[in-house]
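S.K.: The following block contains the structure, expressed as structure tokens.
The values are calculated or read from the model by the stated rules, or taken from the named source; none is laboratory data. Note that the coordinates shown come from a computational prediction; the quantities given were computed from them, not determined experimentally. So basically every Cβ, Gly included, is an ideal-geometry build from the backbone, and we count neighbours across all protein chains shown.
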Amino acid sequence: MSATALLILLAASVLLVPLFKRFGLGSVLGYLVAGIAVGPDGLGVVSRPESVLHTAELGVTLLMFLIGLELQPSRLWALRRQVFGLGALQMAGVALPAAALAAALGLGWPGAALVGVALAMSSTAYILPLLAERRELTTRFGRETFAILLFQDVSVIPILALLALTGAGGHAPGWPALAALLAVAMTGRPVLATMFRYVARFGGGNRELFAAAALLGAVGIGVGLSSVG
């Protein structure tokens, strides 16, 4: 992305986001509309969306990272019944009927399962900031919504692994990706623990350094897994 395109995108965001917040539509929707306005279907300032894809992915990663910093482990533990109760109920209640309907319309079962799971998913990156803006994260509605989103996020990894193995996503079985995922699950905790002990010992209690180390771990795992598919 050129400096001029970046300047126009920032200007569109500064112009539209306050208006969307003023009318109660949320800042995330304002950013989305700003992106559409400068994209190839709008003003055409950004004619090749793939040129900003990695920047956008990093932005979503940073957003979810900042949200995660505000979550207390005790709160997650208190929501365990809602996560595995409401979350599983929502996933099954949407995915199974949608998959059955897709199969009835002639789609094969692997493809029908993919459609059902896709329709059952929500956008955590959109919903959580919206709840935070409205200060509803601590309400009953906010807690139950967060529990459902958390279950969806946790379910993504095994679902993607199953899709890779069955070829439902249109790709050959992803054994290297599955092996990499297993390696991360087995070695991730000791490696991260070693890194955080190093930061704690030599970082002088710097909170920003801890945040940078956590972000390094999250982005590093993401880059490593994406490199093997």
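S.K.: Condition first: assigned to a helix (DSSP H, G or I) and over 20 Å from Glu133 (Cβ atoms). Can you find one or more residues in the stretch 18-27 that meet it?
M.R.: No, every residue in the stretch 18-27 fails to be assigned to a helix (DSSP H, G or I) and over 20 Å from Glu133 (Cβ atoms).
S.K.: Return the total of residues in the stretch 137-151 being at pLDDT 80 or above, under 20 Å from the mean Cα position of the chain (by Cα) and not aromatic (Phe, Trp, Tyr).
M.R.: Going through the stretch 137-151 one residue at a time, the tally reaches 8.
Per-residue answers, yes or no, for (1) buried (at least 16 other Cβ atoms within 10 Å of the Cβ); (2) more than 27 Å from Ala88 (Cβ to Cβ); (3) modelled with pLDDT of 75 or more; (4) hydroxyl-bearing (Ser, Thr, Tyr):
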site: Leu160; (1), (2), (3), (4): yes, no, no, no
site: Leu165; (1), (2), (3), (4): no, no, no, no
site: Leu182; (1), (2), (3), (4): no, no, yes, no
site: Thr187; (1), (2), (3), (4): no, yes, yes, yes
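S.K.: Taking the options Ala100, Ala112, Ala104, Ala88, name whichever one is closer than 29 Å to Gly26 by Cβ and of a type outside the set (Phe, Trp, Tyr).
M.R.: Ala88
S.K.: Here is a further query. Name the pairs whose Cβ atoms lie under 9 Å apart, with the first residue in the stretch 89-108 and in contact (Cβ under 8 Å) with a residue 60 or more places away in the chain, the second surrounded by 14 or more Cβ atoms within 10 Å (Cβ to Cβ) and polar (S, T, N, Q), and 6 or more positions between them or separate chains?
M.R.: Every condition considered, the pairs that remain are Gln90/Ser122; Gln90/Gln152; Met91/Gln152; Met91/Ser155.
S.K.: If you don't mind, another one. Could we say that Leu131 is more than 27 Å from Ala102 (Cβ to Cβ) and modelled with pLDDT under 80 here?
M.R.: Criteria not met by Leu131.
S.K.: Now for a different question. Condition check: under 18 Å from the mean Cα position of the chain (by Cα) and modelled with pLDDT of 75 or more. Does Met91 satisfy that?
M.R.: It is true that Met91 is under 18 Å from the mean Cα position of the chain (by Cα) and modelled with pLDDT of 75 or more.
S.K.: Applying the selection to the stretch 194-229, what residues are over 16 Å from the mean Cα position of the chain (by Cα), within 18 Å of Leu181 (Cα to Cα) and modelled with pLDDT under 75?
M.R.: Correct list: Gly224, Ser227, Val228, Gly229.
S.K.: Another question, if that's okay. Would you confirm, using the coordinates I've provided, whether Glu57 is outside the structural domain of Ser123 (by TED's automatic domain parsing), surrounded by 11 or more Cβ atoms within 10 Å (Cβ to Cβ) and part of a helix (DSSP H, G or I)?
M.R.: Yes, satisfied.
S.K.: Taking Ser13 as meeting all but one of (1) touching a helix residue (DSSP H, G or I) at 6+ places or on another chain (Cβ under 6 Å); (2) touching a residue at least 40 places away in the same chain (Cβ under 8 Å); (3) not aromatic (Phe, Trp, Tyr), write down the number of the exception.
M.R.: In the conditions (1) touching a helix residue (DSSP H, G or I) at 6+ places or on another chain (Cβ under 6 Å); (2) touching a residue at least 40 places away in the same chain (Cβ under 8 Å); (3) not aromatic (Phe, Trp, Tyr), Ser13 misses (2) alone.
S.K.: Regarding Gly106, is this residue at positive phi, modelled with pLDDT of 85 or more and exposed (fewer than 13 other Cβ atoms within 10 Å of the Cβ)?
M.R.: Yes, satisfied.
S.K.: Please specify each residue of the stretch 16-60 satisfying the condition of being hydroxyl-bearing (Ser, Thr, Tyr) and touching a residue at least 24 places away in the same chain (Cβ under 8 Å).
M.R.: The answer is Ser27, Ser51, Thr55.
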